[in-house]
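The values are calculated or read from the model by the stated rules, or taken from the named source; none is laboratory data. Everything numeric in this text was worked out from a predicted model, so none of it was measured. Because the Cβ atoms are built from the backbone with ideal geometry, glycine has one as well, and the counts that use them run over all protein chains shown. Side chains are part of the model used for accessible areas, which takes the heavy atoms of the whole protein and leaves out ligands, DNA and RNA. Shrake-Rupley method; radii C 1.70, N 1.55, O 1.52, S 1.80 Å.
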Amino acid sequence: MPLLRNLLFLIIELLRVPLDILSGTRRRIYEISRPVDAPKSVAWDVVSANKIRLEGPPQMELDTDPDPARPGVFTGICQYGDKRLRFAYQILSETPGEALKLRLLPDECDPIYHFGADYIGAVAVSGDDKQSAITECCELTHTKFSTRLLMPFTVLRSLYSLKRTAEIRAGRRAVGGGGQIKNAIITGALTLASFSALFDLSIAVMLLIVVLLHELGHVIAMRSVGIPVRGIYFIPFFGGVAVGEHFGRSEAVRGFVALMGPAASMLTTALFLWLSRQNGDQNLADMAFISAAVNGLNLLPIMPLDGGRILQALTSRLPPGAARAVHGATLMIGIGLAALIRDYLLMGLILLIVPSVLSMRTNTLNQAAPLTRKEALLLTSGYVATLGFYAAITFRMLQDAMAEGGL
């Protein structure tokens, strides 16, 4: 599974960070290769283009031109969302149709691209007129601790954009419902199996249904604000995620999309509870309790949970340093809670996203229009009301269970 291969790559590279620091290693090489469902010629056109829109999320558009005074040098802009960033590079060598090697020119690039000293990038394409593979490699001397943590994510995202763009150009990647349904079924089956390993089958099925209903709330929200939906992906041992083509142009939109997962699930949770009371059906009562517990926990203000994304929107009104401090504190709390309940997968996910959440570089790229006071008030009110609903449902059902001798 691509998801598992990518996760393994990140884990290995991040584990190398403390080893590099202890050994004094600053020069590092990152290399990753992935199969591409596109002809070799299409993949090469994508990786060698100096003017191209790379698919996201988020989308990125490269627009550079050759410098007549300097052979092999290209200068221009790289548009990331609504941000136009200076970008320049020098081609060191090229084997047409096969491989390309270049050097980033940091003095002529936006500071966001100052990854380290002497940044060399290379890309190679192999394959035939049906299938291909892209290998991406970069080498640099680290000058900051933060780039050691961010580079694995940067390389992985870059290769993903190249792969996705080539497959779309070749007409091989499904952008309609078929591909989305296939991904949901495959990842859903794996997640059901993982839940079954932890609980009995009936509880596993209930968990999967609750997660699906939750993610459908995000999908409805995305479509209502004009964000194209790529699909729903289930994550074994954890839950699921609804993926859009971009994150949203404002923090108000991002906060709304994050809130709508648990907020929309209030309807189904209340329905399960009402039906269970009408018919005395214990399965429906269990569904209501699981839905309330899962959605309530998801509202904890800790990334990568929805509550953390809502907090991210709310802190957009704060100075960047203060916002990062708030997230740093909640991330540490999240790691502590994960350790307390022995949810090591959640702990691992939190540790993986710490660099991107606290990085000034990433925050600058992902920056959106902050909330207005009215929007902040509405989002806060919605968050408190939704959290209160789930807390009340969970508390009441626990009381009923204790009264009946169930606990």
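Which of the helices in the chain, when you take each full DSSP H run, stretch at least 20 Å along the axis at their Cα atoms and have an average Kyte-Doolittle score of -1.0 or higher?
On the way: long enough: 2-23 (31 Å, 1.42); 145-169 (37 Å, 0.17); 177-198 (31 Å, 0.88); 201-224 (35 Å, 1.84); 251-279 (43 Å, 0.69); 282-298 (24 Å, 0.56); 320-340 (30 Å, 1.22); 344-358 (21 Å, 2.53); 373-403 (44 Å, 0.59).
Passing helices, by number: 2-23, 145-169, 177-198, 201-224, 251-279, 282-298, 320-340, 344-358, 373-403.
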For region 67-73, just list the computed ³J(HN,Hα) in residue order, Karplus coefficients 6.51, -1.76 and 1.60, θ = phi - 60°, integers in Hz, with x standing in for Gly and Pro.
-> 8, x, 7, 9, x, x, 9
Per the Debye formula with a single identical scatterer at each Cα and no solvent contribution, what log10 I(q)/I(0) holds for region 186-242 at q = 0.29 Å⁻¹?
-> -1.08
Any lysines whose Cα falls less than 21 Å from that of K374, other than same-chain ones fewer than 8 residues away, would be none
Which whole number of Å³ per residue matches the convex hull of the alpha-carbon atoms in region 98-247?
-> 171
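Dipole of the chain, Cα-centred, from +1 at each Lys and Arg C-beta and -1 at each Asp and Glu C-beta, to the nearest 20 debye? Please list the in-between numbers first.
Numbers: 38 positive and 33 negative charges, 112 e Å.
Roughly 540 debye for the chain.
What percentage of the solvent-accessible surface of the chain, computed with a 1.4 Å probe over protein heavy atoms, is contributed by carbon and sulfur atoms? Before the final figure, lay out the partial values.
On the way: 13110 of 20300 Å².
The computed percentage sits at 65.
Let me have the relative contact order for the chain, percent, based on Cα pairs under 8 Å that are six or more residues apart. Intermediate values should be presented prior to the final figure.
Numbers: 639 pairs, mean separation 53.2, N = 407.
Once divided by the residue count of the chain, the mean separation gives 13 percent.
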Taking N as the number of residues in region 96-158, the ratio of its alpha carbon radius of gyration to 2.2 N^0.38 Å works out to 1.30
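Students often check this: by mean Cβ neighbours within 10 Å, which of 164-170, 95-101 ranks highest, and how do the rest follow? Don't skip to the end; give the middle numbers.
Working: 164-170: 20.9, 95-101: 13.9.
Ranking the peptides 164-170, 95-101 by packing returns 164-170, 95-101.
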For region 284-359, just the Cα atoms, rotate onto the principal axes and tell me the three extents in Å, largest first.
-> 46, 26, 16
Work out how far the C-alpha atoms of region 5-146 reach from end to end along every principal axis, then list the three figures in whole Å, largest first.
-> 43, 38, 31
Within straight cross-link reach of K163, meaning Cα distance under 21 Å, which lysines are found once same-chain residues fewer than 8 apart are removed?
-> K40, K51, K101, K130, K182
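Order these peptides, 271-280, 32-41, by their mean beta-carbon neighbour count within 10 angstrom, highest first. Working shown, then result.
Values: 271-280: 14.9, 32-41: 18.9.
The most tightly packed comes first, giving 32-41, 271-280.
Semi-axes of the equivalent ellipsoid of region 204-316: what are they in whole Å, largest first, if each equals the square root of 5 times a C-alpha gyration tensor eigenvalue? All intermediate terms of the calculation are to be shown ahead of the outcome.
Details: eigenvalues 138, 38, 34 Å².
Over the Cα atoms of region 204-316, the semi-axes work out to 26, 14, 13 Å.
So with the 1.4 Å probe, I'd like the accessible area per residue for the chain, rounded to whole Å². Show your work: numbers first, answer last.
Details: 20300 Å² over 407 residues.
Using a 1.4 Å probe on heavy atoms only, each residue of the chain averages 50 Å².
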Over region 272-328, equivalent-ellipsoid semi-axes from the Cα gyration tensor in Å | 37, 9, 5
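Peptides 300-312, 42-54: what's the order by average Cβ count within 10 Å, highest mean first? Write down the numbers at each step before the final one.
On the way: 300-312: 22.5, 42-54: 18.9.
Answer by packing, highest mean first, reads 300-312, 42-54.
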